[in-house]
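Reviewing the structure listed below.
Derivation of every value follows stated rules applied to the coordinates shown; laboratory data play no part. Source: prediction; values computed, not measured. Backbone-built Cβ (ideal geometry, glycine too); neighbour counts: all protein chains shown.
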Amino acid sequence: MNLELGGKKVLITGGSKGIGLACAKVFLMEGASVAIVSRSNENLANAEDFLDKFGKVRSFCFDLISPGDAKKMVTTIKDDMGGIDILVNSAGAAKQAPVGELKMDSWQKAMDAKYFTYMFAIQAVLPLMREQKAGNIVNIIGTGGKFPFPFHIPGGAANAALMLTTSGLAGVSGDLNIRINGVNPGYIKTERLKHILDAKSRDTGINANDLEQKITSDISLGRMGEAEDVANLVAFLASPKSSYITGSNIPIDGGLSLAI
């Protein structure tokens, strides 16, 4: 399917690895201009090498835990690309740990790592999109915001806040032709999956390999997801093909969390 993304200017936070990197690949293949952001120059260099076969990517190093860096990021990338049509938020992830391992500051760190990195980027880009009277934001969140996992409660709380914010901001942005949606991945085969399985293993006492097999058997489609599965959905939501979808938080977990 031609998603009509050719020439669109896309900013992807957390774009140097995992789901963010897969998103960069899909947008490049669709003919978009892509800028990726990471706080690691090494990860950016590795991402550039990987993405080179799909198109020319721009890369920028910013730490989005700072609102000042988020503003600087948007200004820098807007000037470099001549605008920003689409923001994909994939930067930041809360540490996963059983409740017994949580410290007093675990809750603050979870919000800083996930909620505020997304919100700072959104707050920085929204004035530009309002001025353009057009824009598209896709937040990659996670099913932990809807279904509480014992080893992911602080991060799940951050995800829940992001889901509400996604829907709330969409409700006050539609009249300016700005669409905002969330995507909630389940178990996706990225580097982060190992951290998830390790945390769940410490919480349950079950071997990580056995946990992976058990989780896979609980998934309706019988497999864990690939990063590109999520990226394809993100690209669709960012495209004109989904022009009547906004304020939604869409699960993509192979049928693990079946619900009405």
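Give me the angle, in degrees from 0 to 90, between the Cα long axis of helix 208-218 and the longest principal axis of the Cα atoms of the chain, rounded to the nearest 10.
Taking the Cα atoms of the chain, the angle to 208-218 is about 70 degrees.
Let me spell out the model: positive unit charges on the Cβ of Lys and Arg, negative unit charges on the Cβ of Asp and Glu, origin at the Cα centre of the chain. What dipole size does that give, in debye rounded to 20?
I would put it at about 300 debye.
Let me spell out the model: positive unit charges on the Cβ of Lys and Arg, negative unit charges on the Cβ of Asp and Glu, origin at the Cα centre of the stretch 144-237. What dipole size does that give, in debye rounded to 20?
120 debye
Given contacts defined as C-alpha pairs under 8 Å and at least six residues apart, what's the relative contact order of the chain, whole-number percent?
The value is 20 percent.
Using only Cα atoms, find the angle between the long axis of helix 41-51 and the longest principal axis of the chain, and express it within 0 to 90 degrees, rounded to the nearest 10.
80 degrees
Determine the relative contact order of the stretch 96-233: mean sequence separation of Cα pairs under 8 Å and six or more apart, normalised by residue count, in whole percent.
Answer for the stretch 96-233 is 27 percent.
Can you give the angle from 0 to 90° between the axis of helix 191-204 and the longest principal axis of the chain, with both taken from C-alpha atoms, to the nearest 10?
With rounding to tens, the tilt is 30 degrees.
How would you order 217-224, 12-19, 114-121, 165-172 from highest to lowest mean count of nearby Cβ atoms within 10 Å?
On the way: 217-224: 12.8, 12-19: 26.5, 114-121: 24.9, 165-172: 16.6.
Those peptides, ordered most packed to least, come out 12-19, 114-121, 165-172, 217-224.
Helix-only estimate, please: 222 nm mean residue ellipticity of the chain, summing -39500 (n - 2.57) across DSSP H runs of length 4 or more and dividing by its residues, to the nearest 500.
Details: 9 runs with 114 residues, N = 260.
That calculation yields -14000 deg cm²/dmol at 222 nm.
Ratio of Rg to Rh for the stretch 105-165, alpha carbon only, Kirkwood? The partial results should precede the final answer.
Numbers: Rg = 13.3 Å, Rh = 12.4 Å.
A ratio of 1.07.
What lysines does Lys8 reach when the alpha-carbon gap must be under 17 Å and sequence neighbours fewer than 8 apart in one chain are set aside?
Lys25, Lys56, Lys78, Lys133, Lys241
So which aspartates and glutamates pass the test for Lys103, namely a Cα distance under 16 Å, with those fewer than 8 places away in the same chain ruled out?
Asp112, Asp203
Assign unit charges at the C-beta atoms only (+1 for Lys and Arg, -1 for Asp and Glu), then state the dipole size of the stretch 1-45 relative to its Cα centre in Debye, rounded to the nearest 20. Please report the intermediate quantities before stating the final value.
Values: 5 positive and 3 negative charges, 22 e Å.
Approximately 100 debye in magnitude.
Under 8 Å for C-alpha pairs, at least 6 residues apart: give me the relative contact order for the stretch 1-148, rounded to a whole percent.
24 percent
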